[in-house]
Amino acid sequence: MPVGNSAATTTFTQTSDRELEVSRWFDAPRELVWEAMTKPEHVRNWWGPRGTSLTVCEIDLRVGGKWRFALASPEGDVTFFGKYLEIDEPARVVNTEHYDVPELRDHPAMVTMTLTEKDGRTFYQVNEIFEAAEHLQGAVASGMEGGWRETLDRLNDLVKTL
Amino acid sequence: MSAQADQLSATFSALADPTRRAILARLAKGQASVTELAQPFDMTMPAISKHLKVLERAGLVERGREAQWRPVRLDAGPLKDVDDWVERYRRFWEQSLDRLDTYLRELQKGDKRNARRK
């Protein structure tokens, strides 16, 4: 767990050619973060980029239960769905995640979310493992040297000059 | 693997090499001959040509046919695809979690008012 930092920033790490990690600290106790992440009436208030809204938000939080979220977008709804495999309230959830686009619909990612509390603050960490490197799309380059972020930073610099 | 993912994979492998990224950065300023591209690097012409072939296969550069020196030009299309995908993913999570952070603060204010905090 990285040292707590009061400046709230989201960290992305590519841990393997088919694995991503997203983490962040929240200034809130773990029970509250758990509530906000697992109850539809709360999830509707934050899930998705700014300016978007969920048209579907179904959560059946039990082992074997299903979830389905749909985000409104100008090109039609974008749907994500899956099944809960492990639930350890308020510390950990393991679920499958299908992104409902033709290439990925039948290739779920395995998502593990963990919440750890320290001094009243909560460290949120998501580990997302794709079935195969190509399903990670953007992170597909195996044998990439210098790391994923470095390449992306350079790529962003490069694109800006175009 | 879908054609799109395949293309993305080729683009990423091509970008994994620092020399090839430097070549692209040079071409972002305008077309150049192979000789011109080789100048800043301590490399033989065949080595540079090999890098150019990788970039060409990834669709990141094209070689002109009109002039004898066959200028190398940047094709930014695949770069934009990669950038779009990555940016979408990053934006999605950064913005969602920012919103969650704000929402958690609001919830806690509510908790204080209701004196429900531990």
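The values are calculated or read from the model by the stated rules, or taken from the named source; none is laboratory data. Small disclaimer: the values here were computed from a predicted structure and weren't measured. A quick note on method: Cβ atoms are made from the backbone with ideal geometry, for glycine too, and the neighbour counts reach across all protein chains shown.
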Any chance residue A:40 is in contact (Cβ under 8 Å) with a residue 40 or more places away in the chain, surrounded by 15 or more Cβ atoms within 10 Å (Cβ to Cβ) and either within 11 Å of another protein chain (Cβ to nearest Cβ) or at negative phi (or both): no
Select the helices (runs of 4 or more DSSP H) contained entirely in the range B:1-44, then report the ones holding at least 3 residues which are modelled with pLDDT of 85 or more and more than 9 Å from chain A (Cβ to nearest Cβ). B:18-27, B:34-38
Please work out if residue A:31 is more than 10 Å from every other protein chain (Cβ to nearest Cβ), at pLDDT 80 or above and either closer than 14 Å to residue B:100 by Cβ or loosely packed, with under 15 Cβ neighbours inside 10 Å (or both). no
Considering (1) hydrophobic (A, V, I, L, M, F, W, C); (2) at pLDDT below 85; (3) part of a loop (DSSP other than H, G, I, E, B), say which one residue A:136 fails and leave the rest. (3)
For a quick check of your reading of the model, give me the residue pairs whose first member lies in the range B:50-69 and is at negative phi, whose second is of a type in the set (Gly, Ala, Ser) and assigned to a loop (DSSP other than H, G, I, E, B), with beta-carbon atoms closer than 7 Å and at least 6 apart or on different chains. B:69/B:33
From the option list A:103, A:86, single residue qualifying as modelled with pLDDT under 85, charged (D, E, K, R) and either assigned to a loop (DSSP other than H, G, I, E, B) or exposed (fewer than 13 other Cβ atoms within 10 Å of the Cβ) (or both) is A:103
